[in-house]
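Let me begin by presenting the structure, written as structure tokens, before commenting on it.
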Amino acid sequence: MLSRSLRQRLGDLIREGEPARRVPPYPNSPDTDGGERRVEPAGIEEVLSGGVLEGPHGSLFIHERLYTDLGERPLPLLEKLSALSESGSANGCSGNGWGGRARLRRRRRRVLNLEEIAAEVDSPERGLFRRYGHRRMLFLDIETCGLSAAPVFLVGLCMVGDGNLVLRQLFARDYTEERALLHELARLARESDFLVTFNGKSFDVPFLRDRATHHRMGFSLELPHLDLLWMARRRWKHALPDCRLKTLEWRVLRRRRAGDVSGAEIPGLYHDYVRRGEPHRLLPVFHHNLLDVVAMVELIPPLFDPEAVTY
């Protein structure tokens, strides 16, 4: 295992290994004298607020925002999440676990068939909220340098705070900080009751485990897991052309993304940042990751509401 000082030195060498690029000046620019402008490498700390966390496996950068910073009102959303863990009906909704037990008791004198019983009993997903509540959920979304055998460099998280939602992003400023990122993620997972992802059972969690194995680290995400993609497919596979997260944002949440970046471009943008130090080019990646996490949080109420409709 590399020592902390050696990892830090390797990271410095990676960032310094490529000379600053010279780019041509803008045509007719008043502040040019016919020469070339020099672009100096910079760190992500210069364009995003946050701090550097030092741990047993090195350092990483943490960027944190609140749901209210996005101009959103958290209380209506928090009330809906809280209602999922309460007994009886919630917001007057019925079916799919909303007040199912209470109705089953009211109708116990009538013989029900198997389909009616299945509709009245709480779903396993609703059972997570009944058992744990909503206070210690951990929403998770990752950005990687490829589909396999490639580093994970950004982890977007959301946690329920006191009257707000806390959006936290863990960022590896170079390849050597991936170990510190995995260590901090595992620490936060140990403080949570259950995990919420979108396709995390098939991609995010196995990918993180593979990266921990690559680094020969002890890593565990052995938490109850709520995968919203599976729920969305059960609910809307016949009503929507597909169940991608962007489709659900538009057809269920009634919101289109702006300023987003294609997932295919993300690995190249990160590699360029590590080599050249151009943090402004990574801002759309942070934005993309943040939108994914926010969409997951906002999708939970309509996923459990049988009266929610698609556009």
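General observations
- Distribution of pairwise C-alpha distances over the range 214-267, 10 Å bins, in %: 18, 32, 30, 17, 2
- Tail fraction, Cα-Cα pairs, the range 212-306, threshold 20 Å, whole percent: 54 percent
- Extension reserve of the VAL309-LYS237 stretch, reckoned as 0.36 nm per residue once the Cα distance is removed: 24.6 nm
- In the complete set of protein chains, residue-level accessible area for HIS271 is approximately 50 Å², probe 1.4 angstrom.
- Positive minus negative residues near TRP230 (Lys, Arg vs Asp, Glu; Cβ under 10 Å): +2
- Label-point separation, SER262 to ARG131 (7 Å along Cα→Cβ), nm: 4.2 nm
- The label-point distance for HIS214 and GLU191, in a model that sets each label 7 Å from Cα toward Cβ, rounds to 2.7 nm.
- With a simple spin-label model that places each label point 7 Å from the Cα along the Cα-to-Cβ direction, the separation between GLU64 and TRP250 comes to 3.6 nm.
- Per-residue extension of 0.36 nm, minus the Cα-Cα distance of GLU72 and HIS287, leaves a gain of 75.8 nm for this segment.
- Compared with the direct C-alpha span, the chain from GLU40 to HIS271 gains 81.5 nm at full extension, assuming 0.36 nm per residue.
The values are calculated or read from the model by the stated rules, or taken from the named source; none is laboratory data. Predicted model only: the values in this text are computed from it and were never measured. Reconstructed Cβ throughout: ideal geometry from the backbone, glycine too, with neighbour counts over all protein chains shown. Protein only, heavy atoms only, side chains kept; ligands, DNA and RNA dropped before computing areas. Shrake-Rupley method; radii C 1.70, N 1.55, O 1.52, S 1.80 Å.
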